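Have a look at the structure below before the remarks.
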Amino acid sequence: MTDSTWLNRDHQLIPGKELFRSERRFHLLAYTASHSQLLMRSVGQPDEAGEPETTIDLLFKPAAVVKISTDYRGLAIRCATEAESEQVKADHASMSFGRDDRVFVLESQGDSDYVVAMAVGWTEGVLGRTQQSFFNNFYPARPIIWPSQPLSGVDAGLNIASAQELIEALSAEENAMIRRERHRHVYVVMTRMIRPEGPDVTGAGVFLTRADADDAQAVITAKSVDCWIEELPIAL
């Protein structure tokens, strides 16, 4: 169960109006040049006693100007007043702002930052174990690929694991020069969609555990896509 809000209309974004407030900790999670999306997150820890169960993903789009911190302990977001908006845009005179570019003020522990964007929105809920964010969900397209990053589009690839990290995740042995006499299985989620030119079979994603693959399969199957799991041995 998730709770979502998306604000991009004049009647929703009144100058000076507070839009969002939380006492939780937020950090900068991702930015992509595709549609200039800026994503912040408050992490949920449903397995930790006393910690919030839900994750909150907070998205600005498209973000034209950004002045933020990487971490906030408590966060409030409001629409800038007309005077604040004029000042921010004057400080960036080289930029060409449109009518729908709005200044969102971020306030935390007495400090203020801002993002100039057309819209802001957030989703709160329990994030699935293989789900990267609430704003990059799986959907049946071509090619069928399981989302591997929090936002779709151009990405720096900073969350791509190295080959060594993969080996360490599968085996505690440090000697990489040993004969490849052992193996571990990974779990490949396969999909089949019927196209006019014939069936399209694709490996949508590879997962280290069966539980993660089962989680991804459930999401894909819910989209009415034929989906199954194949085990693939990796030599170590």
From the residues in the stretch 79-106 that are open to solvent by 40 Å² or more (accessible area, probe 1.4 Å) and in contact with a Phe, Trp or Tyr (Cβ under 9 Å, 6 or more places away or on another chain), which one is farthest from K17 (Cα to Cα)? K89
Considering each residue of the stretch 199-211, count those that are open to solvent by less than 60 Å² (accessible area, probe 1.4 Å) and either part of a loop (DSSP other than H, G, I, E, B) or under 19 Å from Y139 (Cβ atoms) (or both), and give that number. 7
Might you let me know whether the stretch 134-152 holds any residue that is exposed (fewer than 14 other Cβ atoms within 10 Å of the Cβ), modelled with pLDDT under 75 and at negative phi? yes
Criterion (in contact with a His (Cβ under 6 Å, 6 or more places away or on another chain), open to solvent by 30 Å² or more (accessible area, probe 1.4 Å), at pLDDT below 85 and not β-branched (V, I, T)) met by exactly one of A235, A161: A235
Starting from the stretch 50-72, take each residue that is free of Cβ contacts under 8 Å to residues at least 24 places away in the same chain and list its partners that are open to solvent by 50 Å² or more (accessible area, probe 1.4 Å), counting only C-beta distances under 6 angstrom and pairs at least six apart or across chains. E51/Q45
Counted residues, the stretch 43-68 - those being buried (at least 18 other Cβ atoms within 10 Å of the Cβ), in a loop (DSSP other than H, G, I, E, B) and not β-branched (V, I, T): 1
Among the residues of the stretch 1-41, count how many are of a type in the set (K, R) and in a loop (DSSP other than H, G, I, E, B). 2
Could you figure out which of (1) out of contact with any Ser or Thr (no Cβ under 8 Å at 6 or more places or on another chain); (2) part of a loop (DSSP other than H, G, I, E, B); (3) of a type outside the set (S, T, Y) isn't true of I145? (1)
Those residues of the stretch 56-71 which are at pLDDT 95 or above and either β-branched (V, I, T) or under 16 Å from W122 (Cα atoms) (or both) amount to I56, D57, L58, L59, F60, K61, P62, A63, V65, V66, I68
Just checking, how many residues over the stretch 28-42 are over 14 Å from G125 (Cα atoms), open to solvent by less than 60 Å² (accessible area, probe 1.4 Å) and out of contact with any Lys or Arg (no Cβ under 6 Å at 6 or more places or on another chain)? 7
Is there any pair with a first residue in the stretch 209-236 that is within 25 Å of A169 (Cα to Cα) and a second that is of a type in the set (F, W, Y) and loosely packed, with under 14 Cβ neighbours inside 10 Å whose Cβ atoms are under 7 Å apart and which are 6 or more apart or on different chains, and what are they? none
Within the set of pairs 6 or more residues apart or between chains, which connect a residue that is open to solvent by 10 Å² or more (accessible area, probe 1.4 Å) inside the stretch 116-128 to a residue that is modelled with pLDDT of 95 or more and basic (K, R) with Cβ atoms less than 8 Å apart? M118/K61; M118/R102
Residue check: is I194 surrounded by 14 or more Cβ atoms within 10 Å (Cβ to Cβ) and either among the hydrophobic types (A, V, I, L, M, F, W, C) or outside any strand (DSSP E or B) (or both)? no
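The values are calculated or read from the model by the stated rules, or taken from the named source; none is laboratory data. Just so you know, these numbers come straight off a predicted model, no measurement behind them. Heads up, the Cβs are rebuilt from the backbone with ideal geometry, glycines too, and the neighbour counts pull from every protein chain shown. When the accessible area is computed, the model is the full protein with side chains, heavy atoms only, and any ligands, DNA or RNA have been set aside. Shrake-Rupley method; radii C 1.70, N 1.55, O 1.52, S 1.80 Å.
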